[in-house]
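Here is the structure we will look at, set down as structure tokens.
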Amino acid sequence: MEVKKKTIYYWSPALSKVATCKAVINSVYSFKKYSRDFNSYLISACGEWNYYKKEIEEKKINLIKLNINYFRFLLKEGYIFSRISYLLVFLISFFSLFKLIRQNRPEYLIAHLITSLPIVLFICFRFETKLILRISGLPKLNFFRKFLWKISNKFLYAVTCPTEETKKALVSQGIFSEEKIYLVRDPIIEIASILSKQKEKIDENYKEGFVLAAGRLTKQKNQILLINLIQNIAKENPAIKLLILGDGEKKNFLTKKIKEAKIENNIELLGYKKNIFKYLKKCKCFISTSLWEDPGFVMVEAAASNCFVISSDCRSGPKEFIGKDNGLLFKNNNLDDLINKFNEFNLMSAEDVNKKIINAKKQSKNYTVFSHYKQLLSIF
């Protein structure tokens, strides 16, 4: 007699191409690939997953379309406009998500983004479905969030977070029961996929030896610090080259600053690239200047690609990943210390560089799709 499979729904409406989207897709895929006991489904609230259509189809992920596609009409840039859009998603999806859970009765619902909607639904309607809340980045505890989390504690099955620092912070806040809080590292790495993507060739203009940075062009990623770094380094080394991958609201601002510093020949903004690994394969080192991370997706991808990593010692992932042996950390948002660490890297022996690269690659294996699957499965 065939045993009926249990069902997992994933709820994570995103307005932009954030790293969380990759984590969600890979988490859904992990159960598709490794489990015989679960069926996993990704819920599309407004057509927000259309950008990842090719990857979703390649991984044969089950997609549930909750509403009509109105994603293209949502305002995505700027804090106020994005909050309004999230509110619209909340209101439009309220009854359709309620109906979906009520009719299909999935065993689990894992909520990554706009978590307030499933929380409110579970408080109001007491579903039998087990709600798992994923929290990252230590979000600010405004009155509404604190109130909602406190009420939801007894209805939550579990709370997961991607780093030890976030877990400790959640425990110290005392809002959620400590026994409900679990460390579940994000599914960032697929070894076979990395090897395949590294085979693609990059533009011949970009020879080996350039410095690489990648991420959304936003306040959080703090690329202005990179521009200031190159402006200083170029005085002694006019041949230095930095490539920055990513798009975002700060693009015009950063372009202006590069021109003002007269370092257009040293820095190129290449826009968003689906395949970062062909650049990681050729770069001299990878630098992350983020003001906060949890844990820092591209940092982990760089380490898995045999790339030397220099990162800000920001909240709440790089220190945990890099430590003393897996790369170099500089004081958060501190230009002088970044310059010192960059110079220290350039003076390191090939043997010392390789040791840190090997150590970092070993650490990145904690972030594979399979490792994530085992950690999440242990909660069920």
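Observations on the structure shown:
- Each residue of the stretch 65-81 was assigned a 3J(HN,Hα) from its phi angle through the Karplus expression (A = 6.51, B = -1.76, C = 1.60, θ = phi - 60°), giving 8, 7, 9, 5, 7, 10, 4, 5, 8, 7, 7, 10, 8, x, 4, 5, 5 Hz with x at Gly and Pro.
- Restricting the stretch 211-320 to GluC sites (Glu not before Pro) that sit in a DSSP loop and have at most 11 other Cβ atoms within 10 Å of their own Cβ leaves 236, 264.
- Flagged links, alpha-carbon separation over 18 Å, of 5/99; 17/54; 235/262; 17/168: 5/99; 17/168
- Extended-chain gain in nm, criterion 0.36 nm per residue less alpha-carbon gap, residue 87 and residue 291: 70.8 nm
- In degrees, nearest ten, helix 251-260 long axis to first principal axis of the chain (Cα): 10
- Entries of 219/341; 60/362; 32/59; 256/331; 221/331; 284/355 with Cα pairs more than 18 Å apart: 219/341; 60/362; 256/331
- Restraint check, 4/180; 201/365; 33/207, Cα-Cα greater than 31 Å: 33/207
- Cα→Cβ-extended label distance, 7 Å offset, between residue 6 and residue 54, nm: 3.6
- Here residue 104 and residue 268 are evaluated by their C-beta separation; at R0 = 51 Å the FRET efficiency comes out at 0.60.
- Taking 14 Å as the straight-line reach from the Cα of residue 274, the aspartates and glutamates in range (excluding those fewer than 8 positions away in the same chain) are 55, 200, 247, 301.
- Between the Cα long axis of helix 224-233 and the first principal axis of the chain there is an angle of about 20°, rounded to the nearest 10.
- Applying 1/(1 + (r/R0)^6) with r as the Cβ-Cβ distance of residue 239 and residue 192 and R0 = 56 angstrom yields a FRET efficiency of 0.95.
- Helix 335-347 and the longest principal axis of the Cα set of the chain meet at an angle near 70°.
- Likely footprinting exposure, 203, 247, fewest C-beta neighbours within 10 Å first: 203, 247
- Residues 233, 322 arranged by fewest to most Cβ contacts within 10 Å: 233, 322
Only the coordinates and a few stated rules stand behind these numbers; no lab work does. Nothing here was measured: the structure is a model prediction, and the numbers come from that model. Here Cβ is always computed from backbone atoms with ideal geometry, including for glycine, and neighbour counts include all displayed protein chains.
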